[in-house]
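Structure, as structure tokens:
What follows is calculated from the coordinates using simple rules that are stated; it is not laboratory data. Quantities reported herein were computed from a predicted structural model and do not represent experimental measurements. All Cβ positions, even for glycine, are placed from backbone atoms using ideal geometry, and neighbour counts span all protein chains on display.
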Amino acid sequence: MIAIVDYGMGNLRSVQKALQKLGFAAEVTSDADAIRTAEKVILPGVGAFGAAMHNLRQSGLGCAILHFIDSGKPFLGICLGLQLLFERSEETWSGEHERGLGVLKGTVVRFPEGLTDVTGRPLKVPHIGWNALHFTRPDELFDSVEEGSHVYFVHSYFPQPDEDEVVTAVSDYGVSFCCAVQWRNVRAVQFHPEKSSAVGLRILSNFARGAF
């Protein structure tokens, strides 16, 4: 069973429906024990970093996620679920960085002001739409996904890992940014595979099928 972590952030059912379409059993759950004992875990999410971390701490799901990752079983973060894996985020109202789960070293930062495309046209933040994937090293999560494939993004922030070797793919939106990482049994993407048509379904299938 694949457990999809329900911590009150984002449209979790779309991830579940995509997996079910592919023929995989997936359960949306807020039960910490179910997450600890699952075969695989997906942490999706849309929304504010601080609110998400508050929910994870208050519910005990943050500890359950860390316990699961320590088990060595396959884990996938999606969008906000990628950002939460890092040590800290600029997305805050307190003037200080919000603390994340700390699985990966680095900081989640906001797109800078004044971004333009190659023609000089101003780019809006949040970044919403389809952008190309550029792979920095091989990863089984992207088996049969072609270089330059387009996936769907909705975000204002992105991670800046301290260690370049965890980055598996980047994309471009006025600046080049990290959009996929892999560390041990952990994989995470900034884009939404469940909204990325056939390419996204292939990525979800690779995760659901793979032993990693």
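Numbers for the structure displayed
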{"quantity": "For Leu115, distant residues with modelled amide H under 5 Å away", "calculated": "Leu123"}
{"quantity": "Placed amide H near Thr136: partners under 5 Å, 5+ positions off or other chain", "calculated": "Ala169, Val170"}
{"quantity": "Long-range lysine pairs (8 or more apart or interchain), the range 2-209, Cα under 17 Å", "calculated": "4"}
{"quantity": "Likely footprinting exposure, Met9, Met1, fewest C-beta neighbours within 10 Å first", "calculated": "Met1, Met9"}
{"quantity": "Structure-derived P(r) over Cα pairs in 10 Å bins from 0, in percent - corresponding label in (1) 8, 34, 36, 18, 4, 0; (2) 9, 38, 39, 13, 2, 0; (3) 8, 29, 34, 20, 6, 3, 1, 0", "calculated": "(2)"}
{"quantity": "Euclidean distance between Cα centres, the range 133-169 to the range 11-70, Å", "calculated": "21 Å"}
{"quantity": "Label-point separation in nm, Lys105 to Ser197, each point 7 Å along Cα→Cβ", "calculated": "4.0 nm"}
{"quantity": "Rough spin-label spacing in nm, given labels placed 7 Å along Cα→Cβ, for His67 and Val154", "calculated": "3.2 nm"}
{"quantity": "In the range 45-102, trypsin sites (Lys or Arg not before Pro) in a DSSP loop with at most 16 other beta-carbon atoms within 10 Å", "calculated": "none"}
{"quantity": "Packing-based ranking, highest mean first, of 43-56, 106-119 given that Cβ atoms within 10 Å are counted", "calculated": "43-56, 106-119"}
{"quantity": "Within-15-Å neighbourhood charge of Ala211 [Cβ basis; K, R +1; D, E -1]", "calculated": "+1"}
{"quantity": "Relative contact order of the chain, pairs being alpha-carbon contacts under 8 Å that are 6 or more residues apart, as %", "calculated": "20 percent"}
{"quantity": "Under the Karplus curve 6.51 cos²θ - 1.76 cosθ + 1.60, θ = phi - 60°, whole-Hz ³J(HN,Hα) for the range 63-69, x wherever Gly or Pro sits", "calculated": "5, 5, 5, 5, 4, 5, 4"}
